[in-house]
Amino acid sequence: MVNIIETEVLSMLGLRWQPSIDSIRFAMKDWAPPQHITKRTLLSDINSVYDPLGLLSSILIKGKIFIQQVWSLKVGWDDTLSEEIRSKWLKFYSSLFALNELIIPRLALLTESDSYELHGFCDASQHAYGACIYIRSSNQNGNAEVKLYTARSRVAPIKTTTIPRLELCGALLLSELKIHILWTDSTIVLAWLRSLKPLQVYVVNRVAQISELSCEVQWRHTPTADNPADLISRGVDVQTMISSELWWHGPKWLKEEKSCWPDTPMLPLELPELRKIKLILSTTNKEPFWAIAEMFNLV
């Protein structure tokens, strides 16, 4: 028999587990701000925050975006960065020590639940895109509970691209996670997934991948204000994340009956990224041009 005192905390997979309250905690290691900061320092610092479930994605993405911006300066790995960069990094990294106070219940299911669903949300901005997954459990009494299960984030490419393309990348990231119901606030992405029109190669390739991993009926629309993945795409500070009901429990309506969930609005008819098709007509003496033109409604 193993006796565990109430305040005892066990290390597990880089996290800390407190058995007495069955909760997970993060532990930031002691950190002394270096006098000189380099690209190597930044990378070491961000990698020292162990987050295997992605629960901190909405705050760590800010650090990753910052590092990408430093990369664009094209300085060496061990070159000393400017005092301005050092000051901004110290402010960001020092804020992470508030995570020591964060307590996350390990159990993500409602007591005596008999029904489970995985809901995924995706979003993108000019700087990043990501997906977060929630587990919705319910019981025969009609009670439901929704809790953050895992999340993923990606920094947007340095080369400028359009928001719809990044939204599509977020949708692909989400579909790779094999979720029951997938939510996006991009009507353009939903229209692309349903479109029979010829699309540009970049779009059609990703639409094909998404279609292989999911089916059209799985995709739904969420208002932007109710999309927790929006917190990943733009990044938030530690205190905002800790106190965010949207981040930890998803949109309020997800606890309600399906009849209360948002409907998909009318999708746009005019879509970007359509591929132009050139039609070349050839005729013979037996088939005058006007006859072929009439077939294609060209006259």
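The values are calculated or read from the model by the stated rules, or taken from the named source; none is laboratory data. Because the structure is predicted, anything quoted here is derived from the model rather than measured. Here Cβ is always computed from backbone atoms with ideal geometry, including for glycine, and neighbour counts include all displayed protein chains. Each accessible area value is taken on the protein alone, full model and side chains, heavy atoms only, with ligands, DNA and RNA left out. Shrake-Rupley method; radii C 1.70, N 1.55, O 1.52, S 1.80 Å.
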| task | Collect the residues in region 207-220 that are of a type in the set (D, E, K, R) and either under 16 Å from ARG275 (Cα atoms) or open to solvent by less than 60 Å² (accessible area, probe 1.4 Å) (or both), keeping them in residue-number order. | result | none
| Whichever residue in region 221-238 is of a type in the set (A, V, I, L, M, F, W, C) and out of contact with any Cys (no Cβ under 6 Å at 6 or more places or on another chain) and, among such residues, is most open to solvent (accessible area, probe 1.4 Å) | ALA225
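Condition test on VAL204, is it more than 25 Å from PRO262 (Cα to Cα) and either touching an Asp or Glu at 6+ places or on another chain (Cβ under 8 Å) or buried (at least 17 other Cβ atoms within 10 Å of the Cβ) (or both)? Steps first, please.
Working: more than 25 Å from PRO262 (Cα to Cα): yes; either touching an Asp or Glu at 6+ places or on another chain (Cβ under 8 Å) or buried (at least 17 other Cβ atoms within 10 Å of the Cβ) (or both): no.
Against the criterion (more than 25 Å from PRO262 (Cα to Cα) and either touching an Asp or Glu at 6+ places or on another chain (Cβ under 8 Å) or buried (at least 17 other Cβ atoms within 10 Å of the Cβ) (or both)), VAL204 does not qualify.
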| remark: Scanning region 141-161 residue by residue, those open to solvent by 40 Å² or more (accessible area, probe 1.4 Å), over 20 Å from ILE104 (Cα atoms) and not basic (Lys, Arg) turn out to be ASN141, GLY142, ASN143, VAL155, PRO157, ILE158, THR160
| query | Given region 117-200, what strands (runs of 3 or more DSSP E) lie entirely inside it while holding 3 or more residues that are touching an Asp or Glu at 6+ places or on another chain (Cβ under 8 Å), under 21 Å from GLY250 (Cβ atoms) and small (Gly, Ala, Ser)? | reply | 128-138
| What pairs come up if the first residue lies in region 91-120 and is farther than 21 Å from SER243 by Cα, the second is assigned to a strand (DSSP E or B) and open to solvent by 60 Å² or more (accessible area, probe 1.4 Å), and their beta carbons are under 6 Å apart, counting only those six or more places apart or on different chains? | none
| message | If I go through region 245-261 residue by residue, how many of them are touching a helix residue (DSSP H, G or I) at 6+ places or on another chain (Cβ under 7 Å) and touching a residue at least 24 places away in the same chain (Cβ under 8 Å)? | response | 4
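Just name the residue that is farthest from the chain's Cα centre (by Cα) out of those in region 264-286 that are exposed (fewer than 10 other Cβ atoms within 10 Å of the Cβ) and either modelled with pLDDT of 95 or more or among the aliphatic types (A, V, I, L, M) (or both).
Applying the first criterion (exposed (fewer than 10 other Cβ atoms within 10 Å of the Cβ)) to region 264-286 yields 266, 269-270, 276-280, 282, 284-286.
If we keep only those that are either modelled with pLDDT of 95 or more or among the aliphatic types (A, V, I, L, M) (or both) as well, we get 266, 269, 277, 279-280.
Details: MET266: 24, LEU269: 26, ILE277: 34, LEU279: 40, ILE280: 44 Å.
Among those residues, the one meeting the criterion is ILE280.
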| note | Only one of (1) surrounded by fewer than 21 Cβ atoms within 10 Å (Cβ to Cβ); (2) in contact with a Leu (Cβ under 9 Å, 6 or more places away or on another chain); (3) under 17 Å from ALA131 (Cβ atoms) does not apply to ALA171, and that is (1)
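For region 227-276, please list each of the helices (runs of 4 or more DSSP H) lying entirely inside it that holds at least 1 residues being out of contact with any Lys or Arg (no Cβ under 8 Å at 6 or more places or on another chain) and over 29 Å from VAL203 (Cα atoms).
Those helices (runs of 4 or more DSSP H) span 238-243, 245-249.
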